[in-house]
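Undergrad: Below are the C-alpha cells for one structure; questions will follow.
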Amino acid sequence: MQEYISKQQQIFRSAAQIFPLISNFSLLSSAVADKVEEWQATEDSCSFKFKGFTVALRIEEKVENKHIKIVGDGGTVPMDFSFWIQLREVAEGDTRIRLVLHAELNMMMRMMLGKKLQGGLDQAVEAFASAFNRF
C-alpha cells in the first residue's frame, strides 16, 4: 500500500474547535454539496458521485482532537484506500493539520496517479486551513 502525505498547514484555532467540525460528515453538507453529485451524509458515513465514480466513505476511528481515520465503504472507486486527517496542537490557538492517504495501487496506476494524488492532498489541506482561518 502506498502512502501519500500532504504538506502540513497551520490553523489558528485549537484542535478542540476544529475536531467536531471535521469528525461529522453531516456538518460538511453545506461545504461540499455543490461540488459533488448525490451527496448523502450521516455523522459517520457519506456517499456521493464525483467524475463518474460513486464514493462511499465511513469514519472507522476517531481520537478526539488528534485524528480521524476514514475508509472506503463500497462505491465504485477502483482501489482500496484509507484516509487520515491528523491534528497536532502546538500552542494555544495554533494547530497543524496534515492529510495522509494510504492507497493500494498497481505499478501502472501509481505512475499515472501518484503525482495527482499528492497534489490533490496538498490542495485539500490548504483548503481546510484556509476555510478554518477565515472564521
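The values are calculated or read from the model by the stated rules, or taken from the named source; none is laboratory data. Computed from a predicted structure; not experimentally measured. As a convention, Cβ positions derive from the backbone with ideal geometry for all residues, glycine included, and neighbour counts pool all protein chains shown. When the accessible area is computed, the model is the full protein with side chains, heavy atoms only, and any ligands, DNA or RNA have been set aside. Shrake-Rupley method; radii C 1.70, N 1.55, O 1.52, S 1.80 Å.
Undergrad: Checking the structure you have, find out if any residue of the stretch 47-56 is loosely packed, with under 13 Cβ neighbours inside 10 Å and under 22 Å from Ala131 (Cα atoms).
TA: No, the conditions are met nowhere in the stretch 47-56.
Undergrad: Kindly indicate which of Ser14, Ser30 is hydroxyl-bearing (Ser, Thr, Tyr) and open to solvent by 80 Å² or more (accessible area, probe 1.4 Å).
TA: After applying the criteria, what remains is Ser30.
Undergrad: Further question on the same structure: Just one of Gly114, Gly120, Gly75 is at positive phi and out of contact with any Phe, Trp or Tyr (no Cβ under 6 Å at 6 or more places or on another chain); which is it?
TA: Working: Gly114 fails: at positive phi; Gly120 fails: at positive phi.
Answer to the check: Gly75.
Undergrad: Which one of these does Thr42 not meet: (1) modelled with pLDDT under 90; (2) open to solvent by less than 90 Å² (accessible area, probe 1.4 Å)?
TA: Condition (1) is where Thr42 drops out.
Undergrad: Name, by its number, the condition in (1) surrounded by 14 or more Cβ atoms within 10 Å (Cβ to Cβ); (2) closer than 26 Å to Gln118 by Cβ; (3) out of contact with any Gly (no Cβ under 7 Å at 6 or more places or on another chain) that does not hold for Glu3.
TA: (1)
Undergrad: Among (1) on the phi > 0 side of the Ramachandran plot; (2) at pLDDT 90 or above, which single condition is Glu60 missing?
TA: Of the numbered conditions (1) on the phi > 0 side of the Ramachandran plot; (2) at pLDDT 90 or above, the odd one out for Glu60 is (1).
Undergrad: I'd like the full set of residues that are part of a helix (DSSP H, G or I), closer than 27 Å to Ile22 by Cα and touching a residue at least 24 places away in the same chain (Cβ under 8 Å), limited to the stretch 103-124.
TA: Result: Gly114, Leu117, Gln118, Leu121, Asp122, Ala124.
Undergrad: Oh, and also: Considering the stretch 70-121 alone, what residues qualify as being open to solvent by less than 30 Å² (accessible area, probe 1.4 Å) and either touching a Cys at 6+ places or on another chain (Cβ under 9 Å) or of a type outside the set (Gly, Ala, Ser) (or both)?
TA: Ile70, Val71, Ile85, Leu87, Asp94, Thr95, Ile97, Leu99, Val100, Leu101, Leu105, Leu121
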